[in-house]
Amino acid sequence: MKYLSAKAAGLVACHVCGRLSREVKTVEKERCPRCGAVLHQRKVDSLTRTWALLIAAAILYIPANVLPMMQTRSLLGNSSDTIMSGVIYFWTSGEYDLAIVVFTASILVPMLKLIALSLLCFTAQRGTRWKPHQRTKLYHMVEFIGRWSMLDVFVVALMVALVNIQSLAVIQAGPGIVAFGSVVVLTMVASMQFDPRLIWDQIRDDDTEQDDHD
């Protein structure tokens, strides 16, 4: 089956408003007639930018899980809690649902996002034809669930506000929350920098070569 892409048809879609325009070869940069954004067939240095953000996120993923997310000072003493220690505390306290939610949103989801985006970048860079429909769905899934990875940050912020207002103890956000927030932001930006159209470029090129041989 032959796929006709917008690029092959001489069309370019605006990455800001989505308007489809006819590509015109000019010396100056072509701009979208609707919003004025610069038009380009593919995101500039998409794979390079995505790989750089993923590597930075992978490096910060380690201190995000090792450093304390929350530091508590009270009459009973001082304590520091990491993400995993919080999961263990909820589990041993019988709060199984909450433990599963925190583990999934704060540990499992960021790790799976790193793996999924790395897979997308690797396959796009190698120009593989492997399951383009499934890879496209995987990309949209990564974009959709990215916003829910900030659960721990919201929980810590809420606990700090509630406990400090009641003057029962002093709770401060630990250094781990900075690393964790950075991981979430970097993976979200990485998914935005990745151009899913790269998944289909090899499909179109192979179909074109096959038609030429025929």
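Read-outs: derived from the displayed coordinates by stated rules, not from any lab. For clarity, every value in this text was computed on a predicted model and none was experimentally measured. In this analysis, Cβ positions are derived from the backbone assuming ideal geometry, glycine residues included, and neighbour counts consider all displayed protein chains.
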- Message: Using amide H atoms built in the peptide plane, which far-off residues or other-chain residues are under 5 Å from residue 39 H to H?
- Response: 30, 31, 32
- So, with points 7 Å from each Cα along the Cβ direction, the residue 192-residue 41 label distance in nm works out to 2.6
